[in-house]
Amino acid sequence: MSKIILTGDRPTGRLHVGHYVGSLRRRVELQNSGEFDKIFIMIADAQALTDNADNPEKIRQNVIEVALDYLSVGLDPAKSNLFIQSQISELTELTFFYMNLVTVSRLQRNPTVKAEIQMRNFEASIPVGFFTYPISQASDITAFKATTVPVGEDQLPMLEQTKEIVRKFNSVYGETLVEPEILLPDNEACLRLPGTDGKAKMSKSLGNCIYLSDTEEDVRAKVMSMYTDPDHIKITDPGKLEGNTVFTYLDAFSKPEHFAEFLLEYNNLDELKEHYQRGGLGDVKVKKFLNNVLQDELAPIRARRAEFEKDIPEVYNILKKGSDVAREAAAETLAEVKRAMKINYFEDRALIEEQSKKYSR
Ligand code: TRP
């Protein structure tokens, strides 16, 4: 069986380092591993509109931001199809058919949707489109016969929902759809990178994000004001690692080579942590190290972005070409789905003959 990747992001803002360690970095590795037959990376503008119906301009502006972020981290249009969800109308057709296989109470139990409803204060006024987006996400994944979906942990319930739809569809209509596997980051810090203020989630409204497109100076300022251990007041005080954002970021970003390059007194992160816990190591020194580590990772991303920013029409062209390829793949699956559901009337000669016979005397 072919190995196929499908994944994507909602274009509601620029992508940040949480997206990077949670999924983007992995996608680039997978892309370059050569292990996959096809890779589809989707800008989920239609999904973004399910809770931004009154603000299409925001989505429109952020499509290009996300595309630039994708290209800047090293997603390569020669290897990965970058496309825009709304341009593939086949996806909405699939969604309409899958809706018959899912109950309202099942959607109500989806923990991610539940949390999002609370966060947006939707309560009694949940848009139907938003409520059903897990079904549309199942269409995104199955349309491309994806076997592997590299995403953050918050997407687990969507993958569960997708698998259920696949099983239900195949059992009712015959083996047609492919069951996908989620691919999560393997390191705890990457699974849930906190905001710079130590809050559980990075979010634009909290102003606690480090964006991939931030300038060198922005990154430095954000790192130097990061949340650490509030009880670590004097340098000689012992410091705590739990909930210490700077160390969580080091868990997510630092490599042994960084010590040789920026902090020769320590051989590795364990030694640095040990000294911090013992006391005698100040926050500023650790923050300066983290800043070096982050700049090292982000500088090539920033430089690549600057190159792509010089030719925006070409970026749209990449998305258009990717969308054409994606449309073809989705159309193939949709045809198979319609065949399985026996709603392929005009290509079904047996049906026409059967009906003719019925009416011939
Ligand atoms: N829900 C994802 C997000 O919040 C975006 C998305 C839409 C997606 N469809 C998908 C991710 C299919 C993976 C697979 O960013």
Short to long, in 20 Å steps from zero, the percent of alpha-carbon pairs of the chain per bin is 26, 51, 19, 3, 1, 0
With x for Gly and Pro, the residue-by-residue ³J(HN,Hα) of the range 56-66, computed from phi through the Karplus equation 6.51 cos²θ - 1.76 cosθ + 1.60 at θ = phi - 60° and given in whole Hz, is x, 5, 4, 5, 4, 5, 8, 4, 6, 4, 5
Taking Cα pairs closer than 8 Å and at least 6 residues apart, the relative contact order of the chain in percent is 22
The answer for Leu183, listing residues at least 5 apart or on another chain whose modeled amide H is closer than 5 Å to its amide H, is Val149, Val151
With Cα springs under 10 Å, the Gaussian network model of the chain assigns the largest mean-square fluctuation among Gln155, Gln137, Gln47 to Gln155
Ranked by GNM mean-square fluctuation in the chain (Cα springs under 10 Å), the top entry among Ala330, Ala143, Ala350 is Ala350
Sparse-neighbourhood loop hits (GluC sites (Glu not before Pro), the range 133-238; DSSP loop; Cβ within 10 Å at most 15 others) -> Glu175
Calculated from DSSP helices alone, with each H run of at least 4 adding -39500 (n - 2.57) and the total divided by the residues of the chain, [θ]222 nm to the nearest 500 comes to -16500 deg cm²/dmol
Kirkwood Rh over alpha-carbon pairs of the range 210-261 plugged into Stokes-Einstein at 25 °C, 0.890 mPa s gives a D in µm²/s of 193
Counting only DSSP beta bridges fully inside the chain, the antiparallel percentage to nearest 5 is 5
One finds the C-alpha centres of the range 340-361 and the range 206-283 to be spaced, in Å, by 69
If R0 = 45 Å, then Asp324 and Ile233, at their Cβ-Cβ distance, give a FRET efficiency to the nearest 0.05 of 0.15
Per DSSP, the loop-located trypsin sites (Lys or Arg not before Pro) within the range 5-100 having at most 15 other beta carbons within 10 Å are Lys79
If one compares the long axis through the Cα atoms of helix 156-173 with the longest principal axis of the Cα atoms of the chain, the angle in degrees, nearest 10, works out at 20
Calc'd 3J(HN,Hα), the range 330-344, phi into Karplus 6.51 cos²θ - 1.76 cosθ + 1.60 (θ = phi - 60°), Hz, glycine/Pro = x, comes to 5, 5, 4, 5, 4, 4, 5, 4, 5, 4, 4, 7, 6, 10, 10
Once Glu332 and Ser203 are pulled to full extension, the length gained, defined as 0.36 nm per residue separation minus their Cα-Cα distance, is 42.7 nm
Quotient of Cα radius of gyration and Kirkwood radius for the range 300-361, i.e. Rg/Rh, equals 1.47
Once amide hydrogens are built 1.01 Å from N within the peptide plane, the residues lying 5 or more places from Gly8 or on another chain with amide H under 5 Å from its amide H are Met42
Relative to the chain, whose Cα atoms define the longest principal axis, helix 269-278 and its Cα axis are tilted in degrees, nearest 10, by 50
Largest fluctuation, Pro157, Pro134, Pro180 only, Gaussian network model of the chain with Cα springs under 10 angstrom, belongs to Pro157
Listed by chain and number, the lysines with an alpha carbon less than 29 angstrom from that of Lys168, same-chain partners under 8 positions apart left out, are Lys3, Lys38, Lys114, Lys145, Lys338, Lys342
Projected onto their principal axes, the Cα atoms of the range 20-163 stretch, largest extent first, over whole-Å spans of 45, 32, 29
Largest-first semi-axes in Å of the equivalent ellipsoid built from the Cα gyration tensor of the range 216-307 are 24, 15, 10
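Just so you know, all these numbers are worked out from the coordinates, no wet-lab data involved. Owing to the predicted nature of the structure, the values given are computational and were not obtained by experimental measurement. Positions of Cβ are generated from backbone atoms using ideal geometry, with glycine treated the same way; all protein chains shown enter the neighbour counts.
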